[in-house]
1. Kindly indicate whether any position in the stretch 83-92 is modelled with pLDDT of 90 or more, of a type in the set (S, T, N, Q), buried (at least 24 other Cβ atoms within 10 Å of the Cβ) and touching a helix residue (DSSP H, G or I) at 6+ places or on another chain (Cβ under 7 Å).
2. For a quick check of your reading: which helices (runs of 4 or more DSSP H) sit entirely within the stretch 282-344 and have at least 1 residues that are touching a Lys or Arg at 6+ places or on another chain (Cβ under 9 Å) and among the hydrophobic types (A, V, I, L, M, F, W, C)?
3. Here are G265, G240, G193: which of them is part of a helix (DSSP H, G or I) and touching a strand residue (DSSP E or B) at 6+ places or on another chain (Cβ under 9 Å)?
4. Quick one: which of N396, N449 is modelled with pLDDT under 95, within 28 Å of L475 (Cβ to Cβ) and surrounded by fewer than 24 Cβ atoms within 10 Å (Cβ to Cβ)?
5. Answer yes or no: is there a residue in the stretch 210-226 that is among the charged types (D, E, K, R) and either free of Cβ contacts under 8 Å to residues at least 40 places away in the same chain or in the same structural domain as T445 (by TED's automatic domain parsing) (or both).
6. Only one of these conditions is not met by I178: (1) surrounded by fewer than 23 Cβ atoms within 10 Å (Cβ to Cβ); (2) closer than 25 Å to I243 by Cα; (3) in contact (Cβ under 8 Å) with a residue 60 or more places away in the chain. Which number is it?
7. Of the residues V205, V259, which is at pLDDT below 90, over 24 Å from F443 (Cβ atoms) and either assigned by TED's automatic domain parsing to the domain that holds L47 or not polar (S, T, N, Q) (or both)?
8. Out of (1) within 18 Å of L314 (Cβ to Cβ); (2) in a helix (DSSP H, G or I), what's the single condition that is false for M438?
Amino acid sequence: MSEATQTPAAGRPGGSGEILGHPKGLFVLFFAEMWERFSYYGMRALLIFYLVKHWLFAEPKAYLIYGAYTSLVYITPVLGGYLADRYLGQRKAVLFGAVLLTIGQFMMAIGGTGGQSDPTINVFWLALAVIIVGSGFLKANISVIVGQLYPRTDVRRDGAYTIFYMGINTGAATGAIIAGWLGEKVGWAYGFGAAGVGMLLGLVVFMWGKPLLEGHGEAPDPARLKKPVFGVPFEWLLYGLSIASVGVIWTLIQYQGVVGTILLGSGVVLLLYILLVAFFRLQPEDRDRIFAIIFLIALQPLFWGLFEQAGSSLNLFTDRHVDREILGLTVPASLFQSINPIYIILLGPIFAWLWQALGRRGLEPSTPLKFGLGIIQLGLGFLVLVWGAHLVGIDNPTPVIFIFLIYFLHTTGELCLSPVGLSAMNRLAPAHMASLIMGAWFFATAGGNFVAGMIARATGSEGGGGTELAKETVLSVYHEIGLVAVAIGVGVALVSPLVKRLMHLDTLRDEPELAGTEELGEPVAAGVHPELERE
């Protein structure tokens, strides 16, 4: 049976209409997230080079900093999602996060003279901390608003998340190209400054498009936010405490080892909390869906631990061991970070059409099977690169075509897992846990990013910045993780029918968002059904 078979309902009375068969609000979120991703991926393309070449960190240390930063970017959405679910609503959380991200990205442009003895490095740590906290409020919540625009059983949902994912990658591609080129060729400040401009544009688009969201993502209890606590409106108290948390993150980002311990401990606590809710506060079918969610989330650290080599070890491998000459020009290594998002822009519509076409015929692979296929392709990407490097000889530069091939296979794998996973989290989660589950999804991604730093560390040398990577060591690590990924992907594909059974897709129902909505005879999925409000 197909996972998505219901015909989409007609436009809601009083709604803002549709574009290409989707609510206009989807495209507001598309453009807001596009500029946010321009900002993030523009900075990400430069970060490992900035750490090694400007601040002069040894490669293993730079990899750990990179892994700690990217993992914290994905762990903070757990708290941001919880605060949005309980108090702020997703729209206000996204707006607050966008403001912090804009400030943090512009702070990154303050680079001083470089070297770890330069006191300006403290501004760098502070900028990373502000960006991390801002991401915590924006990341999970903007994805949740996408899901709120559609009924839970709407056949358009996977396609909507794929379109949204194309917005992410449009920004990622242009950010890597523009900020990467400016950073490497003109100056670090220009690259990071471009990222700041991109984030500012995202903030403007989101504020402008509020009416097109049709009231989705608002606070569950607006009156509570206005009540004073210690003489301060509760909403502003939440903002103040969140800004104060920047100091905690500022410390953590400098002591990367602590981040791994926190990830492990808080991951156990989060898992126990979700399981307790599942066992004691959910009906049997919702409980089974939580088990399916946990299975899918557990695959995140593996996938992203390998995939995120792109920004760290694969980035430096491309810089030092790949023939980057194309049409007579030597392309800066940071620009290769745009290949993955460009592939997604090109392949995203094909995958969106493919899932819907297969779904209408009852042939669509289940969500867990798509995950297995994605992990297999991820592993094959590493194996292809290793084969290509050995084909021309270790002592010779690796042909650039194999960089394009590894990113191609990683992209097709990503399209089988990431947008599909975003859709599954929102579809399967009980409405009152939507942002928490989405936060848990990003939390597992955080674990993957920290694992990525540890894997990358195994490929690096202990020398100072600019030390040559041991090419043989890198390829050996890539060969091992490629084989492991293929084996695990096959295993996931084999157990996928059992996981699909836990999803109870045949009994999945839409939930009315407001009292009286059922009278309209329209399935809606944005609000919290009174019977599900148990906290």
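1. Yes, because at least one residue in the stretch 83-92 is modelled with pLDDT of 90 or more, of a type in the set (S, T, N, Q), buried (at least 24 other Cβ atoms within 10 Å of the Cβ) and touching a helix residue (DSSP H, G or I) at 6+ places or on another chain (Cβ under 7 Å).
2. Details: elements: 284-298, 300-307, 313-321.
Hits in the stretch 282-344: 284-298, 313-321.
3. Details: G265 fails: touching a strand residue (DSSP E or B) at 6+ places or on another chain (Cβ under 9 Å); G193 fails: touching a strand residue (DSSP E or B) at 6+ places or on another chain (Cβ under 9 Å).
When all the criteria are applied, what remains is G240.
4. Working: N449 fails: surrounded by fewer than 24 Cβ atoms within 10 Å (Cβ to Cβ).
The match here is N396.
5. The first filter runs over the stretch 210-226 and keeps only residues among the charged types (D, E, K, R), leaving 210, 214, 218, 221, 224, 226.
Cutting the leftovers down to either free of Cβ contacts under 8 Å to residues at least 40 places away in the same chain or in the same structural domain as T445 (by TED's automatic domain parsing) (or both) gives us 226.
Yes - at least one qualifying residue is present in the stretch 210-226.
6. Unmet for I178, out of (1) surrounded by fewer than 23 Cβ atoms within 10 Å (Cβ to Cβ); (2) closer than 25 Å to I243 by Cα; (3) in contact (Cβ under 8 Å) with a residue 60 or more places away in the chain: (2).
7. Working: V259 fails: over 24 Å from F443 (Cβ atoms).
Testing whether each residue is at pLDDT below 90, over 24 Å from F443 (Cβ atoms) and either assigned by TED's automatic domain parsing to the domain that holds L47 or not polar (S, T, N, Q) (or both) leaves just V205.
8. (1)
The values are calculated or read from the model by the stated rules, or taken from the named source; none is laboratory data. For clarity, every value in this text was computed on a predicted model and none was experimentally measured. Because the Cβ atoms are built from the backbone with ideal geometry, glycine has one as well, and the counts that use them run over all protein chains shown.
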